[in-house]
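Working notes for the structure below.
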Amino acid sequence: MPDAMELLRAQCAGCRNCPLGNTRTNLVFGVGSPTAKVLFVGEGPGEQEDLQGEPFVGKSGQLLDKYLSLIDLDRGGSKIYIANIVKCRPPHNRDPQPEESEACMPWLRQQVRLLRPRIIVCLGRIAAQRLISPDFRVTREHGQFREKGGIWLMGTFHPAALLRNTAQKKDALADFQALRDKMAQLNLLDEI
Ligand code: SF4
């Protein structure tokens with residue numbers, strides 16, 4: 001029997017609540033464990049993600065996987081789930097428009113309701129400004145945890161930005177190490 005997240009994915013597959021639904025190749029709903037307590041949220045699918053139907057599978061995805069592996073996490077494991085603010089690719093990899101993000105947020109809210117994550121890591125400005133604070137500045141506030149409604153939120157660099165600006169990779173690694181420390185503090189490392 002499909003779990004609740006798979007049922008939600010099936011419902012989302014028919015979504016045309018914003019114009020991005022008309023231009024996508026595939027829905028990019030999310031990937032990971034339905035029991036994950038750490039949720040990563042990016043801004044939206046790129047070209048490869050749109051073609052394959054999975055978030056973070058291009059070059060930036062390879063970099064994300066590398067950072068995950070450095071703190072003993074992986075997208076196939078039990079501890080994490082990866083999603084985006086918008087589930088369909090914005091044309092030419094532009095930023096999602098505010099109204100597109102707004103239209104898509106109910107799907108993410110339902111994913112959060114099902115997962116009940118203890119930690120949400122925002123990958124990049126768009127996700128951090130939507131989920132943490134509208135004036136979030138990644139360069140200034142990355143790696144800092146703040147608690148909202150029982151969930152610890154942290155923003156860090158989008159992997160695609162790290163590919164463009166390699167000088168920030170050291171800071172990003174420190175953020176992932178801070179994530180590992182927060183998971184240990186919340187006893188999330190031993191849970192299934
Ligand atoms: S981006 Fe979100 S709201 Fe827009 S069509 Fe896709 S699933 Fe629906």
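All but one of (1) more than 15 Å from the chain's Cα centre (by Cα); (2) under 19 Å from L188 (Cα atoms) hold for V41, so report the exception by its number.
Going through the list (1) more than 15 Å from the chain's Cα centre (by Cα); (2) under 19 Å from L188 (Cα atoms), V41 breaks only (1).
With the condition being within 16 Å of the ligand (Cβ to nearest atom) and modelled with pLDDT of 95 or more, I'd like the helices (runs of 4 or more DSSP H) fully within segment 28-138 carrying at least 3 qualifying residues.
The helices (runs of 4 or more DSSP H) meeting that bar are 47-52, 98-115, 125-131.
Is there any pair with a first residue in segment 165-192 that is more than 12 Å from M154 (Cβ to Cβ) and a second that is among the polar types (S, T, N, Q) and surrounded by fewer than 16 Cβ atoms within 10 Å (Cβ to Cβ) whose Cβ atoms are under 6 Å apart and which are 6 or more apart or on different chains, and what are they?
Going by the 6 Å Cβ cut-off, the qualifying pairs are I192/S78.
Starting from segment 10-23, keep only residues that are within 11 Å of R89 (Cα to Cα), then list their pairs with residues that are more than 9 Å from the ligand (Cβ to nearest atom) whose Cβ atoms are within a distance under 6 Å, requiring at least 6 positions of separation or different chains.
Final answer for the pair search is T23/P91.
Here is a check on your reading of the model: is Q144 of a type outside the set (V, I, T) and either crowded, with 21+ Cβ neighbours inside 10 Å or assigned to a loop (DSSP other than H, G, I, E, B) (or both)?
yes
Those residues that are within 14 Å of the chain's Cα centre (by Cα) and among the polar types (S, T, N, Q), I need them from segment 76-109; list them, please.
Of everything in segment 76-109, those that are within 14 Å of the chain's Cα centre (by Cα) and among the polar types (S, T, N, Q) turn out to be N84, S101.
The values are calculated or read from the model by the stated rules, or taken from the named source; none is laboratory data. No experiment lies behind these values; they were computed from the predicted model shown. Methodologically, a virtual Cβ is constructed for each residue, glycine included, from the backbone with ideal geometry; neighbour enumeration extends over all protein chains shown.
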